[in-house]
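Read the figures in this text as sums done on the coordinates, not as results from a lab. Just so it is clear, the structure is predicted and the values come from calculations on it, not from any experiment. Here the Cβ positions follow ideal geometry from the backbone for every residue, glycine too, while neighbour counts run over all protein chains shown.
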Protein chains: 2
Amino acid sequence: MASDIIRSGIGRRTGIALWRQIADAIRAGITSGLGDKHGKLPPEMELAELFGVNRHTVRSAISALVSEGILRAEQGRGTFIIQPDRLTYPISKRTRFSASLAEQGQRGESRMMSHDVMPAPEEVAQALQLDVGAPVLQVRSVGVGDDTPVSRATAWFEHARFPDMADNLLRFNSVTRAFAACGLDDYVRISTRIEAYHATLDDVEILRLSPGSIVLVTFAINADLEGRPVQYSKTRFAADRVSLQVEHAPLS
Amino acid sequence: MASDIIRSGIGRRTGIALWRQIADAIRAGITSGLGDKHGKLPPEMELAELFGVNRHTVRSAISALVSEGILRAEQGRGTFIIQPDRLTYPISKRTRFSASLAEQGQRGESRMMSHDVMPAPEEVAQALQLDVGAPVLQVRSVGVGDDTPVSRATAWFEHARFPDMADNLLRFNSVTRAFAACGLDDYVRISTRIEAYHATLDDVEILRLSPGSIVLVTFAINADLEGRPVQYSKTRFAADRVSLQVEHAPLS
DNA sequence: AGGCATTTGTCCGTATGTATG
DNA sequence: CCATACATACGGACAAATGCC
């Protein structure tokens, strides 16, 4: 039954207050059928029964979501959902980060936060097929869509091969154009690894998450058309705001 | 100061208990430098100062992580991190579920739990390009590697086209061979969507997770060589036991 | 062996936050 | 608003196990 599905996961002495769990459940349930076609939630008493808690507890949850800007409560009429969709990020041979958001009609951009030339640590050296300690450009950026931070990325480029990469990235604000300005006309994604973790404190702060929420982490390698790696990047996505769409190559 | 960096993000009356926030912080910190080379955590008093809380609060966090199987506490010696390796699941045009585990030298198998012919709900009908209500075979299975449940999947097949699918799956315990027995020699993955969620009660039970842990959910469509969908499946992976590896097509 | 510092484990009491009716 | 029950967080004290001198 629907009530069982919704109630599942709500428990006591888990370290998370009931009102908070219910707030999370309502936030998650928004995508899967909670609320009618006008976005109206069931009345508080009904929600209380649904979750198996007191009406006061539901009220705490709702008031938290209202101050998060996810719900709107109207005296006498009901409580309504203000629904933001998940952003879909395509992952394909031709993944272009900056183009993804624009395609969905989302105002989105990637803001470079810092850049630095450093000796390659082992993980980066291995991905870029360089010697450990070889100079690499490290770039940190934050992806923003609809005024909400969605992802934060760290990318590395071989400094010897692309000495002007930092300048070009700053000028064009696009990896594709920056590569072009460095003399690389085309590149393809050769590998993507995906894992999921609990948000770190940095995630909580930068992506404006609540403690305990989830981040999807992608480890990606882009290469030139000869197959030589040109970029290694780790990106952390706010899991409740995105959907990663793997697009396999078309039939040959 | 370092303690200020780590302390940031830990807050009171947020609806999430301090011990829970600290447990999440330690869990997240394990991947990024918390703990020395032997996997030993700083002593409780030190962690308490680091997070700006009482030692008892840190102890609550640690005891939660111990019962999650992430930490091991030894009286008089210290608290240690238990690091199990992740299984890597390739996701490619030719993803074959049953072959994945075997390739890694892992004893793995997929156990069918139940099967049922039912009218296609909207999500399934859309994925398989059928009319809503058309008969489909629904199969639930659990993927097990090294005696630990790793994933649970629900798959749907068009019943009219593959009437003997259930029998063949039971007989061969392999999607690839069952398709072959139904007259379909080859198929390819055309779409994979990946999202991440908190574990539901069912996840906790079936995948033997602890409440609050993470599941990676993949939504996959396989098609025949003409591009007609033959299988739609949703798979829920225990996120701390797997790594999804997207393999892009080789350069043409 | 003994002595000592370090670290986890257990008990007490008390104040505050959360949840119910 | 109020009263009640339970979970959370703090502070202090001491016991138990380990390892080192």
Along the positive direction of the dipole of the range B:2-81 (beta-carbon charges: Lys, Arg +1; Asp, Glu -1; about the Cα centre), which of B:PRO43, B:ALA61, B:GLY76 reaches farthest?
B:ALA61
List the distances, in nm and shortest first, from the label point of B:GLY11 to the matching label points in every other copy, placing each point 7 Å from Cα along the Cα-to-Cβ direction.
2.6
Along Cα→Cβ at 7 Å, what distances in nm separate the A:PRO135 label point from those on the other copies, shortest first?
7.0
Taking the label point as lying 7 angstrom from Cα along the Cα-to-Cβ axis, what are the distances from B:ASP147 to the corresponding position in the remaining copies, in ascending order and in nanometres?
5.6
Roughly how crowded by other chains is peptide A:213-221, in terms of the mean Cβ count from those chains within 10 Å of each of its Cβ atoms?
4
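With contacts defined as alpha carbon pairs under 8 Å and 6 or more residues apart, what's the relative contact order of the range A:2-81 in percent?
On the way: 76 pairs, mean separation 26.2, N = 80.
Computed value for the range A:2-81: 33 percent relative contact order.
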Rounded to whole Hz and in sequence order, give me ³J(HN,Hα) for the range B:144-149 from the Karplus expression 6.51 cos²θ - 1.76 cosθ + 1.60, θ = phi - 60°, writing x for Gly and Pro.
10, x, 6, 6, 10, x
To the nearest 20 debye, what is the magnitude of the charge dipole of the protein assembly as shown about its Cα centre, counting +1 on the Cβ of each Lys and Arg and -1 on the Cβ of each Asp and Glu?
900
CD proxy, 222 nm, chain A: helix-only mean residue ellipticity via -39,500 (n - 2.57) per DSSP H run with n ≥ 4, per residue, nearest 500, stands at -8000 deg cm²/dmol
Please compute the modelled spin-label separation between B:GLN129 and A:GLU205, points set 7 Å along Cα→Cβ, answer in nm with one decimal.
5.0
If we count every other residue with Cβ under 14 angstrom of B:GLU44's Cβ, Lys/Arg +1 and Asp/Glu -1, where does the sum land?
+1
Within the set A:GLN75, A:GLN126, A:GLN231, GNM on chain A using Cα springs under 10 Å gives the largest fluctuation to A:GLN75
Provide the FRET efficiency to the nearest 0.05 for the B:ASP185-A:HIS56 pair, computing r from the beta carbons and using R0 = 56 Å.
0.35
Gyration tensor on Cα atoms of the protein assembly as shown, a ≥ b ≥ c root eigenvalues, a/c under 1.5 rounded, else prolate if a/b beats b/c, else oblate, says rounded
Net charge over other residues, Cβ less than 12 angstrom from the Cβ of B:GLU123 (K, R count +1; D, E count -1):
+1
Quickly work out the A:SER67-to-B:ILE82 label distance, labels modelled 7 Å from Cα along the C-beta direction, and quote it in nm with one decimal.
3.9
About the Cα centre, and with charges only on the beta carbon of Lys, Arg (+1) and Asp, Glu (-1), how big is the dipole of the range A:181-220? Nearest 20 debye, please.
120
Quotient of C-alpha Rg and 2.2 N^0.38 Å, computed over chain A:
1.22
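Anything over 29 Å Cα to Cα? Flag those among A:LYS37/A:LYS93; A:LYS234/B:LYS40; A:LYS234/B:LYS234, in the order listed. Kindly include the intermediate steps, with their values, before the conclusion.
Numbers: A:LYS37/A:LYS93 38 Å; A:LYS234/B:LYS40 27 Å; A:LYS234/B:LYS234 26 Å.
In this structure, A:LYS37/A:LYS93 exceed 29 Å between Cα atoms.
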Calculate the dipole size of chain B relative to its Cα centre from +1 charges on Lys and Arg beta carbons and -1 charges on Asp and Glu beta carbons; express the result in debye to the nearest 20.
660
Which one, B:ALA196, B:THR31, B:PRO90, is farthest towards the positive end of the dipole of chain B when Lys and Arg carry +1 and Asp and Glu -1 on their Cβ?
B:THR31
Relative contact order (percent) for the range A:87-246, with alpha-carbon contacts under 8 angstrom and 6 or more residues of separation?
25
